[in-house]
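Here the structure is laid out as structure tokens; the discussion comes afterwards.
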């Protein structure tokens with residue numbers, strides 16, 4: 001992409017220069033502290049918090065949301081130049097010249113994230129009250145949820161890469177605890193471990209990036225790094241960019257670190273919603289967008305972001321087409337949609353705002369659909385196989401209607417939130433590079449196909465229920481969040497009204513004059529809509545009009561088989577990492593046993609053997625001792641003579 | 001004064017004593033050979049003292065005599081005890097203290 005370099009030179013990369021927090025902004029720390037306090041009380045309080053634990057957990061999340069809302073309104077009231085607010089809480093690390101404060105940064109970007117995390121997070125909390133009602137460990141679940149939200153808030157509010165890293169690790173820990181929440185299931189325990197280990201690979205990239213930043217710039221604060229990023233040599237910047245990309249790949253489940261996301265479906269469904277919509281997977285996108293001052297000066301790393309994103313958005317979409325597990329289809333779609341966000345983030349100044357825009361709309365409709373899927377599972381006795389669903393629209397009408405809103409949003413039905421956000425990303429991609437644009441366009445078509453397939457198999461076609469299943473609508477505490485999220489899925493597009501979000505974010509991520517397209521934007525929108533319609537039609541003709549078998553057919557094309565096996569993601573990991581790793585380890589064990597142990601044990605055996613020979617000299621015969629005495633004396637005399645002669 | 005004959009005599013006596021210690025088995029004889037070696041060295045010390053014209057060698061010879069006397073006391077006591085317990089004065093029989 002030749003023009004990316006040119007853009008980097010032209011675009012004025014903004015520098016982070018926060019104003020001191022005053023007035024209501026002094027309460028910024030409370031946004032994190034509330035859910036954190038909730039987590040501490042619930043997890044340390046033990047059983048005596050059981051009766052009201054879920055209420056406290058929800059209250060802290062909701063309180064955090066209200067506070068975020070107040071702060072957002074206050075931020076709107078400030079002048080455009082004064083919308084970066086920093087709060088210095090305390091000195092965190094002070095070693096020699098290395099001084100890291102626990103500083104928070106509240107600007108246009110973190111304000112949006114705060115609303116998404118606490119807003120969608122609160123709705124998921126409310127939903128979980130109903131969903132986890134029969135789980136004896138519900139209080140602990142809410143403690144973990146609060147911890148998750150607190151860690152994510154720390155991640156987006158930190159004014160320092162080290163602070164981001166703190167939240168980053170907290171999110172990793174909380175996701176591990178939540179994915180493995182039903183740890184008595186071996187599959188859940190394994191999935192949690194897998195997520196944790198794969199995330200660790202990404203975390204290594206993050207910590208290396210932070211260290212490299214400290215070596216290069218002498219600071220890890222956004223303010224310092226963004227001010228100095230322009231002068232550093234491009235190799236270092238690209239290296240930092242690549243390390244940050246590795247980190248983002250781990251958290252955001254981008255190829256090649258995508259394998260954990262599908263297994264993460266082992267956790268309770270609200271967790272999936274939280275991971276996929278409000279927290280965790282959005283962290284990678286946040287990191288790339290927040291580090292725009294790095295990526296704008298690192299064109300190679302930026303190109304790598306685009307490549308990773310394009311591969312992931314197709315990869316996830318293809319997986320989504322073949323899965324029968326409703327949650328895994330949604331997980332595949334998350335991978336794919338996060339791919340869109342990363343794509344936009346990789347396109348530089350032109351795309352950052354659209355990445356965040358899609359992240360917000362995706363947060364709404366994906367949380368909506370995951371919670372909807374949870375509601376469907378609730379109705380079907382926790383069966384996740386879509387081949388056992390069918391014709392559920394009558395049985396769970398509210399879930400159906402809300403899910404449909406999410407569905408229309410994700411495929412990009414004109415007018416719904418996903419339409420606006422995805423359209424903008426594809427447009428930007430086309431303006432940048434034809435191949436990337438076509439891939440993004442194809443992704444939209446495939447998305448339409450698999451989401452329509454999911455809709456048809458779940459809510460339409462014929463009943464394929466197990467005989468003992470009697471579907472019923474979920475309680476009000478679960479449907480109300482669904483309705484709210486459905487409304488947001490429909491209306492999320494309003495954020496783009498008059499390019500509001502682009503202008504809102506421009507002080508953080510920079511702004512660019514409008515790019516020119518080969519064809520008018522309206523024509524491109526028409527083409528996208530046509531591709532989406534083609535995907536829907538294809539699904540209708542292949543699934544909607546024929547009978548869906550209750551068990552997955554075994555005679556399928558190699559492509560389907562590959563997609564069912566997650567495009568061999570696990571096999572690739574196994575071949576490239578796990579098996580060579582275990583072979584290396586067994587080789588090292590052999591080396592240790594033979595060479596290292598051999599040397600040590602051999603030395604001991606040699607000493608022992610030699611001593612055994614040597615002690616024969618002590619034979620108890622006085623005369624032989626006398627002889628050796630004489631020999632020794634003779635030797636001494638001889639030595640003296642030799643020394644004297646020489 | 002010609003010291004050579006004294007030294008030669010001293011060397012011969014020492015060698016006889018030495019060979020006696022190595023080849024004889026009877027503890028009493030071994031003991032006597034040790035005395036012979038001590039007195040051979042005494043002779044050499046006194047000779048050198050005379051040759052050098054000072055008394056240091058003679059003083060050393062006196063010390064050797066004192067030590068030899070003490071040694072005889074302890075050594076004969078040991079030999080007596082061994083003989084009483086084992087009914088033999090052979091040094092090769094008293095070889096229990098070994099590896």
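Shielding by partners for peptide B:84-93, expressed as the average number of C-beta atoms from other protein chains within 10 Å of each residue's C-beta, is 1. Remark: A:470, A:378, A:54 ranked as A:470, A:378, A:54, counting other beta-carbon atoms within 10 Å and listing the fewest first. A Förster radius of 51 Å, combined with the Cβ-Cβ distance separating residue A:604 from residue B:56, puts the computed FRET efficiency at roughly 0.45.
Per-residue Cβ neighbour counts within 10 Å put A:568, A:340 in the sequence A:568, A:340, beginning with the fewest.
In terms of its C-alpha gyration tensor, segment B:4-86 has an oblate overall shape, because the principal axis ratio a/c (a ≥ b ≥ c, square roots of the eigenvalues) is not below 1.5 and a/b does not outweigh b/c. Across segment B:4-86, the relative contact order, built from alpha-carbon pairs under 8 Å that are at least six residues apart, equals 26 percent.
Centre-to-centre separation between the Cα atoms of segment A:380-395 and those of segment A:85-133: 38 Å. Given their separation in residues at 0.36 nm each and the Cα-Cα distance between them, residue A:17 and residue A:137 gain 38.7 nm when the chain is fully extended.
For chain B, adding -39500 (n - 2.57) for each run of n ≥ 4 DSSP H residues and dividing by the number of residues yields -27500 deg cm²/dmol at 222 nm.
Rounded to the nearest 0.05, what FRET efficiency is calculated for residue B:3 and residue A:585 with R0 set to 51 Å and r the Cβ-Cβ distance? Efficiency for this residue pair is about 0.05. If you sort the three axes of the alpha carbon gyration tensor as a ≥ b ≥ c, you get a/c of 1.5 or more for segment A:182-327 and a/b above b/c, which makes it prolate.
Shape class of chain A from the Cα gyration tensor (axes a ≥ b ≥ c, square roots of the eigenvalues): prolate, since a/c reaches 1.5 or more and a/b is larger than b/c. Once both labels are positioned 7 Å from their Cα atoms along Cα-to-Cβ, the gap between residue A:618 and residue B:83 label points is 3.0 nm. Spatial offset of segment A:181-206 relative to segment A:591-646 amounts to 59 Å, using the alpha carbon center of each. Stokes-Einstein diffusion for segment A:559-640, with the hydrodynamic radius set to the Kirkwood value over Cα pairs and evaluated at 10 °C in a medium of 1.306 mPa s, equals 84 µm²/s.
Note on B:15, A:60, A:236: ascending count of other Cβ atoms within 10 Å places them as B:15, A:236, A:60, the fewest first. Over chain A, DSSP H runs of length four or greater, each weighted -39,500 (n - 2.57), average out per residue to a 222 nm ellipticity of -23000 deg cm²/dmol. Roughly speaking, what % of Cα-Cα pairs in segment A:20-59 are separated by over 11 Å, rounded to a whole number? Counting pairs separated by more than 11 Å, the tail of P(r) holds 66 percent. For the residues of B:14-20, the average number of beta carbons from a partner chain within 10 Å of their own beta carbon is 1.
Extents of segment A:490-635, largest first, come to 115, 54, 30 Å (Cα atoms, principal axes, whole angstrom). What the Cβ-Cβ distance of residue A:555 and residue A:52 gives, at R0 = 45 Å and to the nearest 0.05, is a FRET efficiency of 0.25. Stretching residue A:90 away from residue A:503 to a fully extended chain increases their span by 145.4 nm, per 0.36 nm per residue minus the current alpha-carbon distance.
Just so you know, all these numbers are worked out from the coordinates, no wet-lab data involved. Note that the structure is a prediction, hence the values are computed from the model and not measured. Every residue, glycine as well, gets a Cβ built from its backbone with ideal geometry; the counts of neighbours run over all protein chains shown.
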